[in-house]
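Report on one structure; see the data block that follows.
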Amino acid sequence: MGINQPHVRWVVHFHAPLLLSEYVQEIGRAGRDGKGSIALMLASEPTGWLDPEDKQRQRFFEEKMRSHYTSAQKLAQKLPIQGEVNSGNAIALSLLASSNQLEFLDPFHYQIHPPVLIQPPK
């Protein structure tokens with residue numbers, strides 16, 4: 001969203017974000033000045049099930065994430081145990097860090113803790 005204005009009163013979602021954490025972060029864009037604000041998410045149907053377009057969008061992002069995990073896993077197996085962070089290895093390093101398989105020694109250097117297997121999200 002990229003909005004950092006204190007006077008935002010409304011945040012409206014036409015589609016549900018893929019993750020709850022995304023939703024919480026996005027609705028936090030409203031009311032930054034401490035005044036009342038409203039977040040509105042348009043749901044597909046009263047039962048809470050997503051309509052076909054929402055399901056297609058969700059499958060797209062899930063497949064994209066799986067693809068990132070697969071690429072990161074292949075790259076991670078080729079990475080040295082210690083090294084420098086760069087644009088070519090940043091995604092693999094962040095996925096390793098999120099699974100507690102990597103430690104950042106400082107903002108520019110890392111150390112991998114074996115094993116280097118990343119499980120894709122289900």
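For the reader, a short list of remarks on this structure follows.
- Single residue of the range 7-29 satisfying the filter (assigned to a loop (DSSP other than H, G, I, E, B) and modelled with pLDDT of 80 or more) that is farthest from residue 62 (Cα to Cα): 7
- Test: residue in the range 41-51 that is at pLDDT below 80, among the charged types (D, E, K, R) and surrounded by 10 or more Cβ atoms within 10 Å (Cβ to Cβ): yes
- Residue in the range 80-87 that is over 21 Å from residue 19 (Cα atoms), at pLDDT below 80 and more than 15 Å from the chain's Cα centre (by Cα) present: yes
- Residue check for residue 71: free of Cβ contacts under 8 Å to residues at least 40 places away in the same chain and assigned to a helix (DSSP H, G or I): yes
- The number of residues in the range 108-122 that are exposed (fewer than 13 other Cβ atoms within 10 Å of the Cβ) and modelled with pLDDT under 85 comes to 7.
The values are calculated or read from the model by the stated rules, or taken from the named source; none is laboratory data. Treat the numbers as computed from the prediction; the structure is a model and nothing was measured. Cβ coordinates were reconstructed from backbone atoms using ideal geometry, including for glycine residues, and neighbour counts include every protein chain displayed.
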